[in-house]
1. Pairs of Cα atoms under 8 Å, at least six residues apart: use those to get the relative contact order of the chain, whole percent.
2. What are the aspartates and glutamates whose alpha-carbon lies under 12 Å from the alpha-carbon of Lys8, with same-chain residues fewer than 8 places away excluded?
3. For labels at Val5 and Thr62 in the simple 7 Å Cα→Cβ model, what's the distance in nm?
4. How large is the helix-only mean residue ellipticity at 222 nm for the chain, computed as the sum of -39500 (n - 2.57) over DSSP H runs with n ≥ 4, divided by its residue count, in deg cm²/dmol to the nearest 500?
5. Out of Glu55, Glu102, Glu153, any idea which swings most in a Gaussian network model of the chain, alpha carbons joined below 10 Å?
Amino acid sequence: MKLEVPLKTLFDCSVTELRAELPSERDEVWDFDNSRTKIYQAHRQTRSIVFKWLENTWQPGTPQRVLEVDYAPRDLARRALALGDKIAAFYSGRVVKLVLAELPPGAKILPHQDKAPALQLVHRCHLPVITNAGVDFFIDRVPYQLEAGKAYEFDNTRLHAVANRGSARRVHLICDVMPT
């Protein structure tokens, strides 16, 4: 969604319980649905766990068919969905995408802009679950440090990228909220 600023801090949000349920880096659940990394070149070095997904081909004026995916461990899904609902309530909107995205040490998300209406008409929110001082979230080539336990909205219509130069993985809960 087009914003007046590149990044907004929304509110503090405890991620302790979600972090406790996160699968290890070696858990195969991170690779169960790798369609996001196959389709989107910018995300090739990420791994994800998908909970809800509105196809990027969705167009305004057509029904929003949000796929609810259930392969994740039950307690992880319950905690992720609850946090997604908290973010959606902030906007009085509907969660149309909810994904845990992992970026391993040394990996990058290439610079890109989100162009599809399904991506531009939503509030794109990030809730860092695990991060480190070596992670830079670039918006318009300006680096930002996002803190674990704080919910953010950023303007995904701007050029954005991520670099994890740290020695630990970076995991964010990404939540797209469609205004009602």
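None of the figures in this text is laboratory data; all of them are computed from the coordinates on show. Source: prediction; values computed, not measured. Positions of Cβ are backbone-derived with ideal geometry, glycine not excepted, and every protein chain shown enters the neighbour counts.
1. Values: 410 pairs, mean separation 56.4, N = 180.
Relative contact order here is 31 percent.
2. Glu153, Asp155
3. In this crude spin-label approximation the distance works out to 3.6 nm.
4. Values: 4 runs with 33 residues, N = 180.
When only DSSP H runs of four or more count, the value is -5000 deg cm²/dmol.
5. Greatest mean-square fluctuation among the candidates belongs to Glu55.
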